[in-house]
Structures are given as structure tokens and as C-alpha cells.
1. Tell me the residue from 51, 65 that is modelled with pLDDT of 95 or more and within 22 Å of residue 146 (Cβ to Cβ), please.
2. Residue 128 - would you say it is surrounded by 13 or more Cβ atoms within 10 Å (Cβ to Cβ) and without any contact (Cβ under 8 Å) to a residue 40 or more places away in the chain?
3. Restricting to strands (runs of 3 or more DSSP E) lying wholly in the stretch 33-124: which have 3 or more residues that are exposed (fewer than 15 other Cβ atoms within 10 Å of the Cβ) and within 15 Å of the ligand (Cβ to nearest atom)?
Ligand SMILES: [Cu+2]
């Protein structure tokens, strides 16, 4: 009984030190913790290839870049953008395979714009299915998202 108060103080001291250590690390600002991926979805494959869309929000005060994606439903994944050329919508790989999201900003990967191109779809994907995809960001940051498969117009 007599030892308990002493041990309790010792325990509280340890807890206080751990809390201080943890808050110290989060102040070092890990931008990865402040990236959120919203509304990710995969287009029902119109053929051998399809596109993945999402809105990426950078809540950190550091610039961050999407640098790639991986999953297991296709053979390869590239960052693409759709552009108008000679009155035609074409798509091309994003320069440097890098989509920059400014500090406090967001970037929408959306039909008619940027997207993750999934090349060589190896699974039958139908509306209502969900795929798991890992988005790779600068600084070794990775975010795993569940993307439902959806039909889009056109
Ligand atoms: Cu594309």
C-alpha cells in the first residue's frame, strides 16, 4: 500500500514523457498524415483499359505530389491527362508522372481531366465491385483507398 503513490507518480511521469515525445514528432509535420483521398472510383472498363478518379486533398503546409498508383486489377498504372487537341479529346501521360497538390489545396482526378490509367485490366469489373488501390506520393507516403466500380456516361 505504501509504495502505490510513488509508483503512480512514476507512471504518470512516464506517460507525460511519452505524450511529449509523440507531440514532438507530429509537430515535425508529416504531410502524409494530412493527405486525404475522397470519392475514389474506377470506371467500368470500356475495354482493356480504364481510368481511376479521386479528389486528393492536401491538408498539410507542404507541397506534395502524386507519383503513381498500384493495384492488382490491371497490368500497369500511369498518370494521365485528357486534353483537347485539334478539336479532339486525347489523353497523354502526365509529364514526369507527377501531379502536384499545393499546400492546403486539392486536385480532382475527374472524367475529362487527369486520371490514373489502368492498362490491361485483368479482372472482370462490374458496377458494385470495389478495388483496393495504393496511391504513392512524394516522400514515400502511401494511401490505400477502396474505389467502387461505377459506370459513367459517355
Ligand atoms: Cu488515360
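1. 51
2. Taking the combined requirement at face value, the residue does not satisfy it.
3. In the stretch 33-124, 74-85, 88-93 are the strands (runs of 3 or more DSSP E) which contain 3 or more residues that are exposed (fewer than 15 other Cβ atoms within 10 Å of the Cβ) and within 15 Å of the ligand (Cβ to nearest atom).
The values are calculated or read from the model by the stated rules, or taken from the named source; none is laboratory data. Just so it is clear, the model here is predicted, and its values are computed rather than measured. Please note: Cβ atoms are built from the backbone with ideal geometry, for glycine as well, and neighbour counts cover all protein chains shown.
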